[in-house]
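Below is one structure, written out as structure tokens; the observations come after it.
The values are calculated or read from the model by the stated rules, or taken from the named source; none is laboratory data. On a predicted model such as this, the values are computed, not experimentally measured, just so you know. Backbone-built Cβ (ideal geometry, glycine too); neighbour counts: all protein chains shown. Keep in mind that these areas ignore ligands, DNA and RNA; they rest on the heavy atoms of the full protein, side chains included. Shrake-Rupley method; radii C 1.70, N 1.55, O 1.52, S 1.80 Å.
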Amino acid sequence: MNSTYYSFLALIATLLISSCGSGNTNQHDGYEIVVLDTLSIPFEGEVHAADFSGNRGLIYNYRSGKYLAFDSTGSILVSNSLPAEGENGLFYVNGLKILPDGEVLAHSIKGEIGLLNQNLQLKEKMFMPFPNGAMDLKRNVQIMARWQDDLLLFYPGRDNKSPYDKGYFRDNHLLEKVNMKTGETAPFLQLSPESKYQQDLHFEQPTPLISVRDNQLYLAFNKEPLVHRYDLSKEGNWEESISLETPDFVQIKGQSIPLGNDGSVLAEGEITGLYALDNGFAVSYFEGLLQEPNRTPTSLPGQQLKWFIPEQGWSDPLSLPFELLFLLNFEGIENPFYAILNPLYLKGGSNEVKILKLQVKSSL
């Protein structure tokens, strides 16, 4: 897992565990995040991909090939294991999407796209027509969305182009559009004119996040505090880019030569989740941390959550419980949502996954 936020948590967790308590609420300007329940799911090993939609959650471990579905009470619905190789297998799956009918889309870093039925058995498998140019073993990436008959997927490598080349996102389409009926693929979506990746500079390698609701597609790069909105009913035309309005979002500046951290940045800011809503979208993010001269950090700001409604603008940010690894979903402030706890903060063995059931509620 190469995420800035997750790696930094692992690095300093031992310094902070004794001083961090989870708490039951986090209040800010009329809203609070309330912990409704803690679910204990029997599951061996790390979670490499996950999703939650409606009343159904799903977690997956690469080493065992195990997929496990559970409901909002933590009850196990079904589990199944698939091999990593072979006709009936999927390799390192780093993204899952639960569809409205309960079936599941899974994509692997080898270019496999699998459709699992409700019993988590492999129903269909197709292959992308060229190798994946981004072979980083990042887990639970949010690089896939379904729209009508198409799968929209960040899968660089068309025409042997590398996403690690300077100017890749400026000079190439951002996504692939895969017709799920025919298997045909086509390049899709152009970079926003307001993105910093339009510059002819080297930047830290970003990962896109995408989320779709109705005809609106939202895209963000994890290392850029902007959310870009596209209209799918207009062939994916770019409509606007919305600033995250986080002045403390830490970024390493682009340079004319391949860059390295000069030591002033302990952790870059990172968008960790992007969630399209009925009217707007929400983001979870980590602002990052700069090194202060002659000082050792004694605390680390955790992830925050806020949402954007076009007629109202941004909500105030709400701090998420520090011990969270990542959110599984966010479907609106009126709905419960779910998040996996970082196992670094849990006592005991690794034979279960702890999941918080959360809710945004008015505190007025």
Residue within region 72-79 that is touching a strand residue (DSSP E or B) at 6+ places or on another chain (Cβ under 8 Å), crowded, with 22+ Cβ neighbours inside 10 Å and hydrophobic (A, V, I, L, M, F, W, C) present: no
Matching residues, region 191-228, being farther than 23 Å from residue 139 by Cα and open to solvent by 30 Å² or more (accessible area, probe 1.4 Å): 193, 194, 196, 198, 199, 200, 201, 202, 213, 214, 215, 216
Residues of region 280-291 classified as out of contact with any Pro (no Cβ under 6 Å at 6 or more places or on another chain) and modelled with pLDDT under 95, total: 5
Matching strands (runs of 3 or more DSSP E) fully within region 120-190 where at least 3 residues are open to solvent by 70 Å² or more (accessible area, probe 1.4 Å): 122-127
Those residues of region 292-350 which are within 18 Å of residue 40 (Cα to Cα), surrounded by fewer than 16 Cβ atoms within 10 Å (Cβ to Cβ) and either in contact with a helix residue (DSSP H, G or I) (Cβ under 7 Å, 6 or more places away or on another chain) or modelled with pLDDT of 95 or more (or both), in sequence order: 344, 350
Per-region count, region 80-105, residues touching a Phe, Trp or Tyr at 6+ places or on another chain (Cβ under 9 Å) and either modelled with pLDDT under 95 or surrounded by 15 or more Cβ atoms within 10 Å (Cβ to Cβ) (or both): 11
Flag if residue 204 is in a loop (DSSP other than H, G, I, E, B), of a type outside the set (S, T, N, Q), in contact (Cβ under 8 Å) with a residue 60 or more places away in the chain and in contact with a strand residue (DSSP E or B) (Cβ under 7 Å, 6 or more places away or on another chain): no
Pair list, Cβ under 8 Å, 6 or more apart: region 233-258 residue among the aromatic types (Phe, Trp, Tyr), other residue open to solvent by 70 Å² or more (accessible area, probe 1.4 Å): 238/190; 238/193
Test: residue 64 is over 21 Å from the mean Cα position of the chain (by Cα), open to solvent by 60 Å² or more (accessible area, probe 1.4 Å), modelled with pLDDT of 95 or more and not charged (D, E, K, R): yes
